[in-house]
Amino acid sequence: MLIAPSLLSCDFSIFGEEIARVDRAGADWMHLDIMDGHFVPNLTFGAPIIKKLRKYTEKPFDVHLMISEPHKYIGDFADAGADIISFHVECDSDIDKTLSLIEERGVKPALAVKPGTPVDAVLPYLDRLYMVLVMTVEPGFGGQSFMADMMPKVEMLRKEIAARKLGTLIEVDGGIAKDTIAAAAKAGVDICVAGTAVFGAPDAKAAIEELKALCESL
């Protein structure tokens, strides 16, 4: 299991130092949530901030675009240092064209799916995807409770990936903590995004180690 701390939960006044801190603590990826106030009812930050943060770690930047028209900004986020770009299957952009823009920039493409959207929506694109992000909360805000009823989506995806003999990864985002990560691991998740569970812990390193141990014990 890989752990990708959600920077949405960090102290933005010391953004760079927070990235460096969870890097030292053993984070595998850095998860960066981009919100436009339209696709979701919240605003975060954009590509210029990510570009400034890139110097604080060599860990992969997992950039999650919760925006209505991601195709307009793929170049900006690629230039800023994104290693993986996920955007929502429910967005207003043409999915195939947006995936092509990501691929052309040498960035790993991913699709995200909201809780209310059947996972079937990503299946036509599965062969092109590095990763599928299954939201386990409604996108837009941190600190929500894990939706265990999303795990059948993960299980279905895992079976389809195996049937097609693909290497597509599955990520979940939302409500991941000590009491929920085992369910995600059991369903077949590869990467867990964890916000409060890491940044709200007294010891980030111990928190990441415990989350991984809970998966390995299955």
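Is there a quick way to get the dipole size of the chain? I mean about its Cα centre, with the Cβ of Lys and Arg at +1 and of Asp and Glu at -1; what is the value in debye to the nearest 20?
360
What is the extension gain from residue 205 to residue 166, computed as 0.36 nm multiplied by their sequence separation minus the C-alpha to C-alpha distance, in nm to one decimal? Intermediate results must be reported in sequence, preceding the final value.
Details: separation 39, 0.36 × 39 = 14.04 nm, distance 3.22 nm.
Length difference between fully extended and current span is 10.8 nm.
Fewest Cβ neighbours within 10 Å first, please rank 147, 66 accordingly. Can you show the working numbers first?
Working: 147 18, 66 25.
Fewest-to-most ranking of 147, 66: 147, 66.
Please state the relative contact order of the range 136-218 as a whole percent: Cα pairs under 8 Å, 6+ residues apart?
Values: 99 pairs, mean separation 24.7, N = 83.
It rounds to 30 percent for the range 136-218.
State whether the range 77-218 is rounded, prolate or oblate according to the following rule on the C-alpha gyration tensor (a ≥ b ≥ c being the square roots of its eigenvalues): a/c under 1.5 gives rounded; otherwise a/b larger than b/c gives prolate, and the remaining case gives oblate. Spell out each step's value before the answer.
Working: a/c = 1.73, a/b = 1.43, b/c = 1.21.
The shape class here is prolate.
Let me check I've understood the local charge: for residue 118, count other residues with C-beta under 14 angstrom from its C-beta, Lys and Arg +1, Asp and Glu -1. What total comes out?
On the way: positive: 114, 153; negative: 90, 120, 149, 155, 160.
Combined, the nearby Lys, Arg, Asp and Glu give -3.
Coordinate-derived values only; no laboratory data. Fair warning: this is a prediction, and the values are worked out from it, not measured in the lab. Here Cβ is always computed from backbone atoms with ideal geometry, including for glycine, and neighbour counts include all displayed protein chains.
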